[in-house]
Amino acid sequence: LFRTLVASNRTDAVICNTMLNACRTEEEADAVWEVLQSGSIAPTTSSFNTRLRLQCERGALEEARQTLQDAEHARCVDGRTYTRLIRALDMAGRTEEAAEVFVR
């Protein structure tokens, strides 16, 4: 369904965010993220937060740190953006890194 919507140019950030949130695998999430990065649809704060959540849930904290940098560069951050990564870093025992994110 998602590929059909993309092919028909009937997608927007809301649809992509919904699909990103529904992803069950890393591969599915990466495919949706590619659409968001293609240039025709700009990722939103919600897009970045969802990607960050998925990365943190699977323990991909280096990827999550890069996503945070990308979100900051795109000016698509809010309190949840930082809180998700701070919590995940802290729970992984990476307290100093969590503190670095906190002071941003």
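The values are calculated or read from the model by the stated rules, or taken from the named source; none is laboratory data. Remember, it's a predicted structure, so these values are computed and weren't measured experimentally. All Cβ positions, glycine included, derive from the backbone under ideal geometry; neighbour counts span all protein chains shown. Accessible surface is based on the protein model in full, side chains and every heavy atom, while ligands, DNA and RNA are left aside. Shrake-Rupley method; radii C 1.70, N 1.55, O 1.52, S 1.80 Å.
Some notes on this structure:
- For the pair ALA60 and ALA13, a Förster radius of 30 Å applied to the C-beta separation gives a FRET efficiency near 0.85, rounded to the nearest 0.05.
- Among 86-92, 70-76, 42-48, the order from most to least packed when residues are scored by Cβ within 10 Å on average: 42-48, 86-92, 70-76
- Per-peptide packing, taken as the mean over residues of other Cβ atoms within 10 Å, places 95-103, 58-66, 14-22 in the sequence 14-22, 58-66, 95-103 from highest down.
- If the chain linking ARG94 and SER38 were pulled fully straight, counting 0.36 nm for each residue of separation and taking away their Cα-Cα distance, it would gain 16.8 nm.
- For the chain, a Kirkwood hydrodynamic radius built from all Cα pairs, placed in the Stokes-Einstein relation at 10 °C and 1.306 mPa s, yields a translational diffusion coefficient of 113 µm²/s.
- Using a cutoff of 8 angstrom between alpha carbon atoms and counting only pairs six or more residues apart, the relative contact order for the chain works out to 20 percent.
- Solvent exposure of the chain amounts to 63 Å² per residue of accessible area, where only protein heavy atoms count and the probe is 1.4 Å.
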